[in-house]
Amino acid sequence: MGEISIKINIADRIYPLKVNQEEEEVIRRAAKLINDRIKEYQDAYSVRDKQDLLSMSVLHFATATIKAESKAGTTDNEVAEKVFQLDQLLTEFFATK
């Protein structure tokens, strides 16, 4: 299957993406998880700043990823690569503000 264009809403911002059709559902589910986590932090800590909420959410997911990869026996290089990818996404996000 080919690439498709989709729009993803994260933290009240729309991101147009081109993704493989097979990945669309996973990406939409990931965006929902991020938005749900942001809402949880917003309600629990009365934080309103989107950057703070996104940072807290990324820390949560990066920690969970590292824990899961440790249990699965993946290497530190793979974990570092995933953290680097998350960092790039955040850098791109905040560069547009």
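Throughout, read-outs are computed from the coordinates displayed, never taken from laboratory work. What you see is a predicted model, and the numbers here were worked out from it, not measured in a lab. Methodologically, a virtual Cβ is constructed for each residue, glycine included, from the backbone with ideal geometry; neighbour enumeration extends over all protein chains shown.
Here the extension length gained between ALA44 and LYS7 equals 10.5 nm, from 0.36 nm per residue of separation less the Cα-Cα distance. Note on ASN77 and LYS32: with the Förster distance fixed at 35 Å, the Cβ-Cβ geometry gives a FRET efficiency of about 0.75. Using modelled amide H (1.01 Å from N, peptide plane; none on Pro or chain starts), what sits under 5 Å from the amide H of ILE10, excluding residues fewer than 5 places away? Here TYR15 satisfy the definition. Remark: spin-label model distance LEU86-GLU24 equals 2.8 nm, labels positioned 7 Å along the Cα→Cβ axis.
At q = 0.13, 0.14, 0.20 Å⁻¹ the log10 of I(q)/I(0) for the chain amounts to -0.53, -0.62, -1.15, computed by Debye summation with a single uniform scatterer per C-alpha, solvent ignored.
Excluding same-chain neighbours fewer than eight residues apart, the lysines reachable from LYS39 by a Cα-Cα span under 19 Å are LYS50.
Could you work out the relative contact order of the chain, using alpha carbon pairs under 8 angstrom and six or more residues apart, expressed as a whole percent?
With pairs under 8 Å counted, the relative contact order is 17 percent.
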